[in-house]
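Structure, as structure tokens:
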Amino acid sequence: MMVAKKGTGRAGAAGMAAAAVLAPVAVLAQDAGSGAGSGRIELAPVMIEAATRVETPVDEVSRSVTVVTREEIEKHKQIDRSLGDILSKTVPGFSQSTEANTDYGQTLRGRTFLTMIDGVPQSTPLRDGRRSLNSIDADAIERIEVVRGGTALYGFGATGGLVNIVTRRPAEGALTWDVSQGASFSATHPADSLGTQTNIQASGRSGQVDYLANGSYVRRGGSFDADGDRIAADPVGAQGGISDSDTVNFLGKLGYEFDDNRQRVQLSGNYYDMKQDSDWAGLSMDGDPARGIKTPAVRGNYNPVDPGTKTRNLSLDYEHREVLGSSVKAQAYYADQNIVYSKFPGYSQTRIESEKLGSRLTVNTPVEAGPLPFTVTWGVDYLRDDTVQTATDGPDNSPAMLQNAVAGFAQVEVPVLDYGTITGGMRYEHISLDISDFTNRNGDFVQGGSLTYGEPLFNLTGTVFLTDHLDLYGGFSQGFTVAEIGRSLSDGAFRRAEDAEAEVQKTNNYELGLRATYDRWTGSVVGFVSTSDNGVSFDRDLRIIKQPERIYGVEVAATVAATDALRLGGSLTWMEGRVDLDDDGDYDEDMPTTSIPPLKVTAFAEYDLFDWWTARVQGLYSGTRSPNSSQFGGTSDIDDYVLVDLYSAFDVGVGTLTVGIENLLNASYFPVINQAYDAAYAYAKGPGTTVTATYSVQF
């Protein structure tokens, strides 16, 4: 029988453990005054903004969401500071890490996702650069909010979900310094693998002004597999590697609160520059996936220009917490991205440049309407995106594209007494896209022109409080994207830009889940289906193709505080996808592994040995997959592998010493993306045992 939740029942058991319900890792934060392993555990209340555009407790969101907290980021970055690796090990539905500088082949519920930094979009859907997760350093991140499943609430590309990266917050009180210095090396080949990590942060508050400056520098050495052999500088063939690279990141914030703290204005900026300059970036075609022969690293440099990623974000945020009974948030932003790829055999080396200018207005209005009061969240978004792909050593085969997009939206949330909530709304996106004249990959002239889209997008979700500890949630949502229209034009046989008007993608997303919260354990299980008439993939000649797709899967997560000192948890993700080759309503074959990953299982055990010592062991199992697919990245059988990591933190002197060991058991494996490529130039193994040690001090 359905039970009404009254008084503090919901805020008590459910609210206290909200984050752990939906994350595959414990969001069990240690007391701020404790050391590495105080033994005292607090269930941290977690708020999320990405799912609703206003701060909402995680347990009140009627969507599948995951919050990766600062505590979890701190642990995982000691093992691997790549965001792709962190999300693969903490978020159900996120596919396995590429072990590289790209998120091509890393999907969220089988589709691409929109990445934002403090609400500023990093994705480049006009010509998808697949570098959005590699546009900020882990030391600059406060938390990562992930909405699993397509959403139109922020719009402009979130067909598989939304990844909102929230940057570090200023410390309360007087000026506080955080300083850390670390080093890493490959245990299988220490020589030539040494890397260093340095981070310095100064932050605080003085009266009504708060401030933060965070700077980091990361130097990566060579990467070596379990056999002690060097891994090629670009292990996935032109998509980008991270070994032998230097990364600089600077985050700055200045905030001012006034009007009795009812109003706030903040200026934020983030600069990220990663460049790879390797003596082992030669071209090798000596790998043989059929015979299990890995692609060797070759001395030299095949690239005319050093590959890398440079991003610059600047945003101005204003908040008024009380305007005629409503709260108002407004943002204006500028983003600039420059991505240089490794050179692909037989093609020119290319770069993508994207410049964005945009704004957002969000108004949250409570409405008293007798026995059923409700809340309306409404607003307007604008985005100007100027994107072009050019060649560094040959002719340009892609158009320059200028997008102007405006969208209005309204969301209504209605509590149904104490039995649940219903949320529904609509977003209407109007997009105009100007495309220049250009010559395509076939050498044919394509006449430019203008494309215009007007798309209504709907969502309806709800939560039913079955008991004080058990919720049923689910619903329907839509997503929309221009879906690599630049690649469609350069690869296709179009003679005019207007002929590509039907190349956009709209997704329909359905999910139904249960989540449970008890005193010491939490869990969730959800099933999902996603359909699209214009799914994006590639043929064996690397030309883009768009066909109807259907994706379905299951995600399971659980965490438990077994004792005050021992935390356990894990997750399982299984999904499959089918494609309709001839658009006749019959789904003929499997989607490629570059979209649909194998079964993924994660687990961890974390124990406070003493007040000054915490240790954590975590594992990831990547299963097998044998797709029936004729598409690129879909014809090879995928072998399984198991990776085990170790994290340990000690209070030492005035600071904390942390040690992270990635691939503790030195497993010899090929990452999923390298197997999916099934190509002589990209069949590289993953890294062997890698050790990172960091000492950090706060004063």
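The values are calculated or read from the model by the stated rules, or taken from the named source; none is laboratory data. Predicted model, so just to flag it, every value in this text is computed and none were measured. Neighbour counts run over all protein chains shown; Cβ positions are idealised from the backbone, glycine included. Just the protein is used for accessible areas: all its heavy atoms, side chains included, with ligands, DNA and RNA removed. Shrake-Rupley method; radii C 1.70, N 1.55, O 1.52, S 1.80 Å.
Set the Förster radius R0 to 60 Å, insert the Cβ-Cβ distance between D246 and D418 as r into 1/(1 + (r/R0)^6), and round the FRET efficiency to 0.05.
0.60
Using only the Cα atoms of the range 419-471, construct the convex hull and provide its projected area averaged over every direction, in square nanometres to one decimal. Display every interim value, and only then the final one.
On the way: hull surface 27.2 nm².
One quarter of the hull surface, i.e. the mean projection, equals 6.8 nm².
Can you give the FRET efficiency to the nearest 0.05 for E322 and S206, using r as the Cβ-Cβ distance and R₀ = 22 Å?
Values: r = 25 Å, r/R0 = 1.13.
FRET efficiency, E322 to S206: 0.35.
If you take the Cα atoms of the range 571-694, find Rg, then find the Kirkwood Rh from the mean of 1/r over all pairs, what is Rg/Rh? If you can, show how the numbers build up before the last one.
Values: Rg = 19.5 Å, Rh = 16.9 Å.
With Rh from the inverse mean 1/r over Cα pairs, Rg/Rh is 1.15.
Take the eigenvalues of the Cα gyration tensor for the range 509-551, scale each by 5, and report the square roots as semi-axes in whole Å, largest first. Intermediate values should be presented prior to the final figure.
Details: eigenvalues 279, 30, 5 Å².
Semi-axes, largest first: 37, 12, 5 Å.
Find, among the trypsin sites (Lys or Arg not before Pro) in the range 256-347, those assigned to loop by DSSP (not H, G, I, E, B) with at most 15 other beta-carbon atoms within 10 angstrom. Please report the intermediate quantities before stating the final value.
Numbers: sites: R262, R264, K275, R291, K294, R299, K310, R312, R321, K329, K343; in loops: R262, K294, R299, K343.
Of the trypsin sites (Lys or Arg not before Pro), the ones in loops of the range 256-347 whose Cβ has at most 15 other Cβ atoms within 10 Å are R262, R299.
For the range 346-364 and the range 424-497, what is the separation of their Cα centres, given in Å?
Cα centroid to Cα centroid, the span is 15 Å.
Cα atoms only, the range 273-333: Rg and Dmax in Å?
Spelled out, the Cα radius of gyration and Dmax of the range 273-333 are 24.6, 70 Å.
Once you have the Kirkwood Rh of the range 471-531 from its Cα pairs, apply Stokes-Einstein at 10 °C and 1.306 mPa s and quote D in µm²/s.
Value of D from the Cα-based Kirkwood radius: 107 µm²/s.
What percent of all Cα-Cα pairs in the range 408-556 falls in each 5 Å bin, counting up from 0?
Per 5 Å bin, starting at zero, the Cα-Cα P(r) for the range 408-556 comes out as 2, 8, 14, 14, 14, 12, 10, 8, 7, 5, 4, 2, 1, 0 percent.
Under Stokes-Einstein, with the Kirkwood radius over Cα pairs standing in for Rh, what whole-number D in µm²/s applies to the range 300-448 at 20 °C and 1.002 mPa s?
D, rounded to a whole number, is 112 µm²/s.
Grab the eigenvalues of the alpha-carbon gyration tensor for the range 237-387, scale each by 5, take roots, and send me the semi-axes largest first in whole angstrom.
Semi-axes (√(5λ), whole Å): 48, 19, 14.
Once ligands and nucleic acids are excluded and a 1.4 Å probe is used, how much of I48 is accessible, expressed in Å² to the nearest 10?
0
Would you mind computing Rg(Cα) / (2.2 N^0.38 Å) for the range 618-669, counting N as its residues?
Normalised Rg, Cα atoms only: 1.84.
With each run of n ≥ 4 DSSP H residues scored as -39500 (n - 2.57), what mean residue ellipticity at 222 nm is computed for the chain after dividing by its residue count and rounding to the nearest 500 deg cm²/dmol?
-1000 deg cm²/dmol
G157's amide H: which non-local residues (gap 5+, or another chain) put their own amide H closer than 5 Å, with H modeled 1.01 Å from N in plane and none for Pro or chain starts?
Result for G157 returns F480.
If the reach is capped at under 17 angstrom between alpha carbons, list the lysines near K75, excluding any in the same chain fewer than eight residues apart.
Partners found: K89.
Only sites in a loop by DSSP and with at most 10 other Cβ atoms within 10 Å count here; which GluC sites (Glu not before Pro) in the range 349-383 make the cut?
Sparse-neighbourhood loop GluC sites (Glu not before Pro): E368.
Considering all projection directions equally, how large on average is the shadow of the alpha-carbon convex hull of the range 133-277, in square nanometres?
Numbers: hull surface 46.5 nm².
For the range 133-277, averaging the hull's shadow over all directions gives 11.6 nm².
Students often forget the sequence filter, so: which lysines lie under 18 Å Cα-Cα from K275 once same-chain residues fewer than 8 apart are removed?
K310, K343
Using a Cα-Cα cut-off of under 18 Å, which lysines could be cross-linked to K685, ignoring same-chain neighbours fewer than 8 residues away?
K294
Under a 5 Å amide H to amide H cut-off, with H placed in plane at 1.01 Å, what residues pair with T115 once short-range neighbours are removed?
Under 5 Å from the amide H of T115: Q122, S123, V163.
Short version: ³J(HN,Hα) in whole Hz for each residue of the range 445-451, in order, from phi by Karplus 6.51 cos²θ - 1.76 cosθ + 1.60 (θ = phi - 60°), x for Gly and Pro, what are they?
With coefficients 6.51, -1.76 and 1.60, one gets 6, 10, 6, x, x, 10, 10 Hz.
Across bins of 10 angstrom width beginning at 0, how are the C-alpha pair distances of the range 532-635 distributed, in whole percent?
P(r) over the range 532-635, rounded to whole percents: 14, 33, 21, 15, 12, 5, 0.
With each label point set 7 Å from Cα along the Cα-Cβ vector, what nm distance links S668 and D499?
5.2
Could you do me a favour and compute the accessible area per residue for the chain, 1.4 Å probe, result in Å²? Could you put the intermediate results ahead of the total?
Details: 25360 Å² over 699 residues.
On a per-residue basis, 36 Å².
Provide the net charge surrounding L212, with neighbours chosen by a C-beta distance below 9 Å and charges set as Lys +1, Arg +1, Asp -1, Glu -1.
The answer is +2.
Apply the Karplus parameterisation 6.51 cos²θ - 1.76 cosθ + 1.60, with θ equal to phi minus 60°, to every residue of the range 392-401 and state each ³J(HN,Hα) to the nearest whole Hz, in sequence, with x for glycine and proline.
Karplus-based 3J(HN,Hα) across the range 392-401 equals 8, 9, x, x, 7, 10, 10, x, 7, 10 Hz.
Could you please state how large a percent of the accessible area of the range 454-549 is carbon and sulfur, counting protein chains only and using a 1.4 Å probe?
That fraction is 57 percent.
Return the tail of the calculated pair distribution for the range 227-288, meaning the percent of Cα-Cα pairs more than 19 Å apart. All intermediate terms of the calculation are to be shown ahead of the outcome.
Details: 1074 of 1891 pairs.
Here the tail beyond 19 Å accounts for 57 percent of pairs.
What translational diffusion coefficient, to the nearest whole µm²/s, does the chain have by Stokes-Einstein, given a Kirkwood radius computed over alpha-carbon pairs, a temperature of 25 °C and 0.890 mPa s viscosity?
Using the Kirkwood radius from Cα pairs, D works out to 95 µm²/s.
Consider all pairwise Cα distances in the range 189-254 and report the whole-number % of them above 18 Å.
Looking at the range 189-254, the distances longer than 18 Å represent 54 percent of pairs.
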